[in-house]
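K.L.:
Starting off with a structure, shown below.
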Amino acid sequence: MPTSRPSFSEIKTYQEFAKYYWYRDELIQICRELGLPSSGMKLELNRNIQAYFNGETVKEKLKVKTSKSVVTNISLSTKLLECGFTFGPKFREFFAEQTGIKNFKYNADMVATVKKVKEGNDTTFTLGDLLEIYYGRKTYATYDKSALQWNKFVHDFCADPRTANIPDKLKTAALLWRIVRESTHEKIYTPQLLDEYEETLNLPASN
């Protein structure tokens with residue numbers, strides 16, 4: 001039987017901490033209470049907490065002031081922070097020209113990378129580097145896929161024929177997710193969860 005998630009103050013090791021699911025807001029609060037940097041994605045916050053358990057010192061990244069002037073003529077050598085980069089049509093058209101893909105779409109790792117570049121004020125990172133991220137030839141920051149666990153859980157829950165007669169699927173899925181995320185269960189939906197928590201979920205009798 002999976003154990004319920006303890007409070008953070010009761011957890012003694014990072015290995016124990018990593019067994020449980022934590023929302024980003026919870027990670028931010030934990031980092032603040034520990035005096036750790038509390039900005040960034042879940043992956044970065046988790047790394048800060050891991051460093052805390054390892055006895056390592058984690059410092060806030062120093063922000064580097066950049067020029068307010070924005071480069072308008074862009075190329076692969078243009079620094080991302082100098083051109084006012086956004087995920088809008090201007091830069092989508094630029095990458096469409098570079099890749100030959102008419103309906104160019106940014107991938108998740110590009111989004112994570114731009115976020116990290118801006119948060120870290122990396123003045124050396126170029127649009128060419130971002131293109132390398134697109135092709136998978138370079139790694140800078142990876143999208144935190146754990147953020148998608150809830151969406152996948154709900155999708156699989158609703159797709160299960162056994163949940164067809166549940167009046168409020170989303171409410172029941174949320175209740176089951178809360179049980180799973182605070183336990184050592186793998187953070188995925190399985191039909192066996194309905195059997196295990198049938199009484200807790202107060203499921204209607206099957207025909």
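Just so it is clear, none of the values below were taken in a lab; they were calculated from the coordinates. Predicted, not measured: the structure shown is a model, and the values here were computed from it. All Cβ positions, even for glycine, are placed from backbone atoms using ideal geometry, and neighbour counts span all protein chains on display.
K.L.:
Within the set of other residues whose C-beta is less than 10 Å from the C-beta of Phe153, count the net charge using Lys and Arg as +1 and Asp and Glu as -1.
P.N.:
For residues surrounding Phe153, the net value is +2.
K.L.:
Right, here's the next one. Roughly what % of Cα-Cα distances in segment 8-53 sit above 17 Å, to the whole percent?
P.N.:
The proportion of pairs with Cα distances above 17 Å equals 19 percent.
K.L.:
Hey, which aspartates and glutamates would be in cross-link range of Lys105, C-alpha to C-alpha under 16 Å, not counting anything within fewer than 8 residues on its own chain?
P.N.:
Qualifying aspartates and glutamates at Cα under 16 Å: Glu93, Glu97, Glu132.
K.L.:
I would also like to ask the following. Treating only the Cβ of Lys, Arg, Asp and Glu as charged (+1, +1, -1, -1), what charge dipole size does the chain show about its Cα centre? Round to the nearest 20 debye.
P.N.:
Taking the Cα centre of the chain as origin, the dipole is about 860 debye.
K.L.:
Now a separate question. If you average the sequence gap of Cα pairs under 8 Å that are 6 or more apart and divide by the length of segment 78-207, what percent do you get for the contact order?
P.N.:
Once divided by the residue count of segment 78-207, the mean separation gives 21 percent.
K.L.:
Something else: Taking the chain as the reference, fit the longest principal axis to its C-alpha atoms, fit the long axis of helix 89-99 to the helix C-alpha atoms, and give the angle between the two in degrees, 0 to 90, nearest 10.
P.N.:
Approximately 80 degrees, to the nearest 10.
K.L.:
Okay, moving on. When Ile188, Ile166 are ordered from fewest to most other Cβ atoms inside 10 Å of their Cβ, what list results?
P.N.:
Ile188, Ile166
K.L.:
Around Thr126, which amide H atoms from residues at least 5 apart in sequence, or from another chain, sit under 5 Å from its own amide H, with H modelled in the peptide plane?
P.N.:
Correct list: Leu80.
K.L.:
Moving on. Between beta-carbons, use under 12 Å as the cut-off and find the net charge around Ser75, counting Lys and Arg +1, Asp and Glu -1.
P.N.:
Net charge around Ser75: -1.
K.L.:
Note the angle between two axes, namely the Cα long axis of helix 149-159 and the longest principal axis of the Cα atoms of the chain, as a number of degrees from 0 to 90, rounded to the nearest 10.
P.N.:
For helix 149-159, the angle is close to 50 degrees.
K.L.:
Hey, another quick one. Compute the long axis of helix 169-181 from its Cα atoms, compare it with the longest principal axis of the Cα atoms of the chain, and write down the angle in degrees, 0 to 90, nearest 10.
P.N.:
80 degrees
K.L.:
Within straight cross-link reach of Lys59, meaning Cα distance under 30 Å, which lysines are found once same-chain residues fewer than 8 apart are removed?
P.N.:
The qualifying lysines are Lys12, Lys19, Lys42, Lys68, Lys79, Lys115, Lys116, Lys118, Lys138, Lys145.
K.L.:
Using a 10 angstrom cutoff on alpha carbons, build the Gaussian network for the chain and name the most mobile of Gln192, Gln50, Gln15.
P.N.:
Gln192
K.L.:
Output the direction-averaged projected area (hull surface divided by four) of the convex hull of the alpha-carbon atoms of segment 80-135, in nm².
P.N.:
3.5 nm²
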